[in-house]
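**Student:** One structure, pasted below without further comment.
The values are calculated or read from the model by the stated rules, or taken from the named source; none is laboratory data. Since the structure is predicted, the reported quantities are computational estimates derived from the model, not experimental observations. Quick reminder, even Gly has a Cβ in these numbers, built from the backbone with ideal geometry, and neighbours come from all protein chains shown.
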Amino acid sequence: MNLILLGPPGAGKGTQAIMLTDRFGIPQISTGEILRSAVKEETPMGVKAKSFMDAGALVPDAVVIGIVLERLQKADCKPGFILDGFPRTVAQADALKDNLRDLEKDLTAVLALEVDNDALVERLTGRRTCRQCGRGYHLKFDPPRTAGQCDVCGGELYQRDDDREETIRKRMEVYDSQTTPLVDYYQQQGLLTRINGMQEISVVQEKILATLRTF
Ligand code: ADP
Ligand code: AMP
């Protein structure tokens, strides 16, 4: 199963991707997470990406496309993958299409999580992320068992720099201008399913699973 989770920052892509990974045993490929690790490790790519990420802008297509094409070659992607946060531009979607054709793979579905802007701000300002494994929590909607500590690995939870209100607004604008065209792009290819993301995490999960059962 080869899936794309599409949706604005805070729509629930990462949250749902982790659950799908556990259920189907296929990897989550989060470009945001890969970039944050590179920033933390101060690799040349991380150093280059940092200023774009801090500003809430997109990292240049060539960098992100390179990350994903390399990742898709790995053996764990053979049974499938869940792309989370990629593609975000038409150029990225075109590059993915060409690459999947070369790999003789097809996309199974593109699930577009729809959430309104006020809810996105509340979700992102309350999001806390594990410094060690990257898992996301929410202070109100998905709190960890022990405050400040990751349930999975015990790592420290922190607030991402780009999860502050000013940068959130910028990221939402970037999504509207650069990523929303992908909704039509995938609709025209008959791959798009819209999911109401304004429901509880478990309900969204059920809706996604029900959709996947139809493929
Ligand atoms: P994305 O990966 O799309 O940026 P996340 O999955 O990290 O979004 O979710 C953003 C925040 O909203 C997180 O703090 C998460 O716990 C919370 N969240 C995710 N899905 C829901 C939901 N259906 N209802 C309420 N909060 C949610
Ligand atoms: P995310 O974790 O998906 O919210 O991504 C965090 C940040 O990483 C974004 O605001 C961008 O700066 C960068 N990023 C992640 N994925 C991409 C992508 N596909 N294209 C360009 N930049 C990306």
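**Student:** Yes or no: Asp61 within 12 Å of ligand 2 (Cβ to nearest atom), acidic (Asp, Glu) and closer than 16 Å to Asp162 by Cβ?
**Tutor:** No: the conditions fail for Asp61.
**Student:** Condition check: within 12 Å of Leu3 (Cα to Cα), in contact with a Ser or Thr (Cβ under 7 Å, 6 or more places away or on another chain) and modelled with pLDDT of 95 or more. Does Phe81 satisfy that?
**Tutor:** No, not satisfied.
**Student:** I need the helices (runs of 4 or more DSSP H) fully contained in segment 1-103, keeping only those with at least 3 residues that are touching a helix residue (DSSP H, G or I) at 6+ places or on another chain (Cβ under 6 Å) and within 25 Å of Gln189 (Cβ to Cβ).
**Tutor:** 61-72, 90-102
**Student:** Sort out which residues of segment 2-23 are away from ligand 1 (no atom under 11 Å from the Cβ) and touching a strand residue (DSSP E or B) at 6+ places or on another chain (Cβ under 8 Å), and write them in order of number.
**Tutor:** Asn2, Leu3, Ile4, Leu20, Thr21
Residue-wise test of (1) within 19 Å of Gln28 (Cβ to Cβ); (2) surrounded by fewer than 19 Cβ atoms within 10 Å (Cβ to Cβ); (3) not hydrophobic (A, V, I, L, M, F, W, C).
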position	(1), (2), (3)
Asn99	yes, yes, yes
Lys105	yes, yes, yes
Gln132	yes, yes, yes
Leu139	no, yes, no
Pro143	no, yes, yes
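**Student:** crowded, with 19+ Cβ neighbours inside 10 Å, over 9 Å from the mean Cα position of the chain (by Cα), among the small types (Gly, Ala, Ser) and within 13 Å of ligand 2 (Cβ to nearest atom), is that true of Ala38?
**Tutor:** Yes: the conditions hold for Ala38.
**Student:** Out of all the residues in segment 1-30, which are under 20 Å from Gln159 (Cβ atoms) and polar (S, T, N, Q)?
**Tutor:** Thr15, Ser30
**Student:** Of the residues that make up segment 125-142, is at least one farther than 18 Å from Leu3 by Cα and without any contact (Cβ under 8 Å) to a residue 12 or more places away in the chain? Spell out how you get there, then give the answer.
**Tutor:** Within segment 125-142, the first condition is being farther than 18 Å from Leu3 by Cα, and the residues that meet it are 125-142.
Cutting the leftovers down to without any contact (Cβ under 8 Å) to a residue 12 or more places away in the chain gives us none.
No, there is no match, as no residue in segment 125-142 is farther than 18 Å from Leu3 by Cα and without any contact (Cβ under 8 Å) to a residue 12 or more places away in the chain.
**Student:** If Gln28 satisfies every condition in (1) touching a strand residue (DSSP E or B) at 6+ places or on another chain (Cβ under 6 Å); (2) over 21 Å from Gln132 (Cβ atoms); (3) not aliphatic (A, V, I, L, M) but one, which is the exception?
**Tutor:** Here Gln28 clears every test but (2).
**Student:** Given segment 151-215, what helices (runs of 4 or more DSSP H) lie entirely inside it while holding 1 or more residues that are without any contact (Cβ under 8 Å) to a residue 12 or more places away in the chain, touching a strand residue (DSSP E or B) at 6+ places or on another chain (Cβ under 9 Å) and surrounded by 14 or more Cβ atoms within 10 Å (Cβ to Cβ)?
**Tutor:** Working: elements: 165-174, 181-188, 201-213.
Ranges flagged: 181-188.
**Student:** Another question, if that's okay. With the condition kept exactly as written, say whether any residue in segment 79-88 is farther than 23 Å from Asp161 by Cβ, surrounded by fewer than 16 Cβ atoms within 10 Å (Cβ to Cβ) and under 17 Å from the mean Cα position of the chain (by Cα).
**Tutor:** no
**Student:** Filter segment 39-56 down to residues that are more than 16 Å from ligand 1 (Cβ to nearest atom), of a type outside the set (Phe, Trp, Tyr) and under 23 Å from Met172 (Cα atoms), then give me how many there are.
**Tutor:** Total meeting the criteria: 8.
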